[in-house]
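Read the structure below first, then the notes.
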Amino acid sequence: MQSRRDFLKLALAGGAALALPRPAPALADALRQPEPFQVPLRIPRVLKPVRSTGDRDYFVTTMRPARRRILPGKRTPVWSFDGAFPGPTIKVTRGREAVVRRVNNLDVPVTIHLHGGRVPASSDGHPLDLIPPGRHKDYVYPNDQEAATLWYHDHTHHNSSRNVHRGLAGLYVIEDPAEEEYGLPSGKYDVPLVLQDRSFRRDGSFRFRDSHDDVFGRVFL
C-alpha cells in the first residue's frame, strides 16, 4: 500500500514534469545544418529603368516562380522578382519620381508595399489592393524624402509572411546627390546587405510554418 508521503512525492514529480517545456518533435524532412560560407555572397543586381523622362524614371519587374541556388548542391523553389532571390535593388534619386510596374505571373494575387516610403495611398500596396494573376499595377513613388535604404515586399492580407518567406522582397535605395561631397563608398564598394533566416527541407525547398512557435529559421542567409 502506498504511503501518503510516497503519494505526495509522485504527485510533485508529476507536476514538475508537466511544468517543463516539451521538446519540439524532430522533423524527418528537415535539412541538416549546412556548412557556412560555402556559397559566395550574392549581391542583388541594380534594376535599370526601361525609360526616363525629364523628372521621372520607369521600372518594370515581373513576379514569377524560379529555382535558385541558395544552399550548396540544392535548387530552392522561390517566388521571385525577375527570377532573383532577393529581388533586384531599385536605386532612385531624391526628388525624382519613379514609376514601378509590378507584373504578376504567379498563380496567386499579391500586392507590393514600399516599407518606409512616403507614397500616395493609391501606391501604398495595402493588404487588399491586390494584383490578380496575369495582371499588373503601376506604383508611383515621389521619392521626396531623405536618402534612405528601404525595402519593398509583398503585403497580401493573411499571406504576407508566406509570400515574403518565399522570396517576394528586395531593396529600394533613395540616394541624394548631396552625399557625393562626403566621399562615401560607391560603385563596387557600396554593398547592400540583406540578412534573413530560413529553414529548409532535405530537398532544398523552404520549410515554412506560419506559427509563433516556429518563426526563426535554422540557416542564416
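The values are calculated or read from the model by the stated rules, or taken from the named source; none is laboratory data. As the structure is a computational prediction, the values presented were derived from the model and not from experiment. Note that each Cβ is placed from the backbone with ideal geometry, even for glycine, and that neighbours are counted across all protein chains shown. Calculation scope for accessible area: heavy atoms of the full protein, side chains included, ligands and nucleic acids excluded. Shrake-Rupley method; radii C 1.70, N 1.55, O 1.52, S 1.80 Å.
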- prompt: What strands (runs of 3 or more DSSP E) lie completely within region 79-155 and have 1 or more residues being charged (D, E, K, R) and open to solvent by 10 Å² or more (accessible area, probe 1.4 Å)?
  reply: 87-93, 97-104, 136-141
- prompt: Just checking, how many residues over region 57-97 are more than 21 Å from H113 (Cβ to Cβ), aliphatic (A, V, I, L, M) and in contact with a helix residue (DSSP H, G or I) (Cβ under 9 Å, 6 or more places away or on another chain)?
  reply: 0
query: For region 49-94, which residues satisfy the criterion of being among the small types (G, A, S) and over 22 Å from N143 (Cα atoms)?
result: A66, G73, S80, G83, A84
task: Please enumerate the residues belonging to region 156-198 that are of a type in the set (G, A, S), at pLDDT 90 or above and either part of a loop (DSSP other than H, G, I, E, B) or buried (at least 19 other Cβ atoms within 10 Å of the Cβ) (or both).
output: G167, A169, G170
Leading residue by the ranking (most open to solvent (accessible area, probe 1.4 Å)) among those in region 67-78 that are assigned to a strand (DSSP E or B) and not aliphatic (A, V, I, L, M): R67
- prompt: Here are some conditions: (1) modelled with pLDDT under 90; (2) within 22 Å of the chain's Cα centre (by Cα); (3) among the hydrophobic types (A, V, I, L, M, F, W, C). L128 meets all but one. Which one does it not meet?
  reply: (1)
